[in-house]
1. Taking neighbour counts of Cβ atoms within 10 Å as a proxy for exposure, in what order, fewest first, do A:W113, B:W213 appear?
2. Given the -39500 (n - 2.57) contribution per DSSP H run of 4+ residues, what per-residue ellipticity at 222 nm results for chain C, rounded to the nearest 500 deg cm²/dmol?
3. Given B:P39, B:V187, B:A246, which one lies farthest toward the positive end of the charge dipole of the range B:3-264, if we put +1 on the Cβ of every Lys and Arg and -1 on the Cβ of every Asp and Glu?
4. Specify which residue in the list C:V29, C:A237, C:V54 is farthest towards the positive end of the charge dipole of the range C:5-277, using unit charges on the beta carbon of Lys, Arg (+1) and Asp, Glu (-1), about the Cα centre.
5. When N is the residue count of the range A:58-186, what does its C-alpha Rg come to as a fraction of 2.2 N^0.38 Å?
6. Normalised by the number of residues in chain C, what is the relative contact order in percent for Cα pairs under 8 Å and 6+ residues apart?
7. What is the range C:1-109 by shape, rounded, prolate or oblate, if you read a ≥ b ≥ c off the alpha carbon gyration tensor as root eigenvalues and call it rounded for a/c under 1.5, prolate for a/b larger than b/c, and oblate otherwise?
8. Per the Kirkwood formula on distinct C-alpha pairs, the Rh of chain A is how many angstrom?
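Where a number appears in this text, it was derived from the coordinates with a stated rule and is not lab data. Not measured: the values here are computed from a predicted model. Ideal geometry is used to build each Cβ from the backbone, glycine not excepted, and the neighbour counts take in all protein chains shown.
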Amino acid sequence: MAPEPPGGPPVLALRQATVAYEREPVVEGVDGEVAAGQSVALIGPNGAGKSTLIRAVLGLVPLTGGTIQVLGRAPQAARRQVAYVPQADTLDAEFPVSALQVVLMGRYPRIGWVRRPGPADRQAAASALAQVGLAERASARFGTLSGGQRQRVLLARAIAQEPRLLLLDEPFNGVDALSQDLLLTAMGRLRSAGAAVVMATHDLGLAHLACDEVCLLNRHQIGFGPIGTTLTPELLRATYGGQALQLRGDGVIVARP
Amino acid sequence: MSLLEVFGDSFARRALLEAVMVGGLCGAVGVHVLLRRLPFFTMALGHATFPGVVLAALLGISLFAGAAAFGAVVVVVVALLGARDRVDDTSAVGVTLSGAFALGVLLLSAQAGFSRDLTAYLVGSIITVQVGDLVTTALVGAAVLAALAALHKELVLGAFDRGGLAALGYPVLALDVVLLLLIEATVVTSIPAVGTILAVALIVAPAATARLWTERLRATMALAAVLGATSGVVGLAISLQWRVAAGATIVLVAAALFAVSLVVAPRHGLLARRPAALVPVAATRTAAGQGPTRAG
Amino acid sequence: MNLFEPFTIPYMQRALAEVLVLGALAGAVGVLVVLRRLAFVGDALTHTVFPGVVIAHLLGRSLMAGALAFGVLTAVLLTGLGSHRRVGDDAALAILLTSFFSLGVVLISRTRGFTADLTVFLFGRVLAIDRTDLVQTLVVAAVVALVLAVLHKELVLRAFDPEAAAAMGYRTRRLDLVLNLLIALVVVAAVEAVGTVLVIALIVVPAAAARLLADRVAAMTALACLLGAAGGWLGLAISYEVSVDHDLRLAAGATIVVVLVGLFLVAAAVAPLRRRLARDRVPAVAP
């Protein structure tokens, strides 16, 4: 999918972004742009800094070097346009909320303080749930849903936010095949509507399916570009430090030493 | 007033001996409490021990037996409750402790002399210790310290690497239970001196202070014991001088030692270094070595 | 045993009004405490509020005012410490709490009637509640209810998914401070009635029981308020009846707590049955 022609600042622009804890860099030298409708896969081994980078884009972690701009502004200023989808298993499964109530949470920044969700918000939430195929489970308690279903609810929450930038942290981990398909479809719909997507993932095959660009990370950026030219055995080896490398169809398998 | 004069009366001398023994014991045990991150649990244990002690006193049986039995019951109840759906550990502890504590208060309130006894259990009454109490403290203290010495390397390994300990064939759970019982025994022994509510302070503060000054474990335990005993003596002296509650004064002295060390200790004190931000990550550059590339 | 007869006496009526309001108030705040597993914070507050109560008493001021000052201070401190948790901070917290508490004990021990005063501060004296105390409790309840109503959705979001809340732009630290202050206010309101030690039970137990039976936050809150109030009423009635009929003095505050724990155990027994019934009613739906 060709990127849209430039008009205004890119949705996400990173220039030599560096995050450090206690003077030790955790991720550094990240440099690239994501335009509306594009999606980027963040690929790298555990501890590579993918989650940290996502938190930096959310403005939750300060940069120690370089810049990050979301829609031409600092991350903290653009939060209302940015939606975050964490991994569903980080949430309390016994919490007394329904699936619809979780999705409604995505409308809170729009609703503001004091006011309660109105009919328009409920409509948006219901529609978002329908997009991930869970309309008839709206009043089920969140924790009674399967892992894949919960992940879909969290994506629906992000959809309900009507974001310009969508950030996902390992959205396919432990998710059943049907849910994976539904997630991919819903993400595609968001991209058609003009949102940019950044997705941290281990799954190289799914990265191929879902994204047109890739950012290879292993504490520093090893590559950032179109997936066809950047997801090469050589750069993957540099990212994962592996030795044997096999390409199978459009999936890639890396073997560690 | 010289120290000799302050401790002139026999009750004061008994109290002094108790303070030294309890302080020393708590300091040593406290190091293990810190190693396994058990301050909150120890606090809870202190609260939970209370009704057991009351019950034992009312029934005329040994306080240790009552406290130990009740402590065991509480641990089991907390574990059972926490294992149920929708009851998380903190709530399980909260519910159990509230119930146990209220039960203790109820039992006491049904007796006469409610306030006096209650206070003694809660915040200690060191100036009324008798020779019998001193003997008990000495025996229990010696037993606990001996157990700690005998099991030292196993307990330390278990604190850092449970898997490793299990792999070596040690009964990890049994060792955990032994340590909990030792902590429980220490808490009960501290009751005459500082009471159930404050016992955790005398266990945790000297050890935490010692940790600020040295990294070697045995040195920490020795230093903690010394600091505990010192807090006991100084606290007791001040309380006799100014006629205020002894147990609470001992705790304040221990806390003051900690606060001062927090600021001035070399290497670990606040003045010596900047506070750590978050979990430090040691980053290593990959072998690839190339700078960021923009392919395509 | 007549559970209504004791309340024909004026001081019992006041006590009843107090525990009904307190029970409901603590139950409502308790929902967030239980969902966020903050029982330790509540416990912390009960230790640190104590010296405030003592100082107020020594200065001849309102106990509530003293508790309020120290409660607010602690809430702020705890919020600050809470976000920098690392190894050793549990120790620092425990030392801080017990130091505050010891300070209170030292101060009160200089007075005569040390043990009686200590008992009152720790366990309350609900039967000695006068109209001023009741009015103060009502004011606090109104403030807390207002704040809860206004900030409800944000507080629940933060409890459920703090990362998403932060990502959406909510300052989770400020929300935490608000909740800590609310907890402090409940502790302050309860000081005269049930004392600092038992108030943690009022906060945690009804909400923990409600959690077992409710699938929505709204239902959980309603149930917690109900259970809290019921515990107050039953506890008062039982302690009165037993004291009068069987000549066995039962401290009122402690009886309330024991009743609440009893209600919790009933809820724990009933919960699995309820879940089984609910499961039978819901038809299996394909993913």
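1. Details: A:W113 10, B:W213 18.
Ranking A:W113, B:W213 by Cβ neighbours within 10 Å, fewest first, gives A:W113, B:W213.
2. Details: 10 runs with 234 residues, N = 287.
After summing the helix terms and dividing by the residues of chain C, the value is -28500 deg cm²/dmol.
3. B:P39
4. C:V29
5. Working: Rg = 15.1 Å, N = 129, 2.2 N^0.38 = 13.9 Å.
Here the Cα radius of gyration is 1.08 times the empirical estimate.
6. On the way: 411 pairs, mean separation 92.6, N = 287.
Computed over chain C, the figure is 32 percent.
7. Since a/c reaches 1.5 but b/c is at least a/b, the shape of the range C:1-109 is classed as oblate.
8. Working: mean 1/r = 0.0532 Å⁻¹.
When all Cα pairs of chain A are included, the Kirkwood radius is 18.8 Å.
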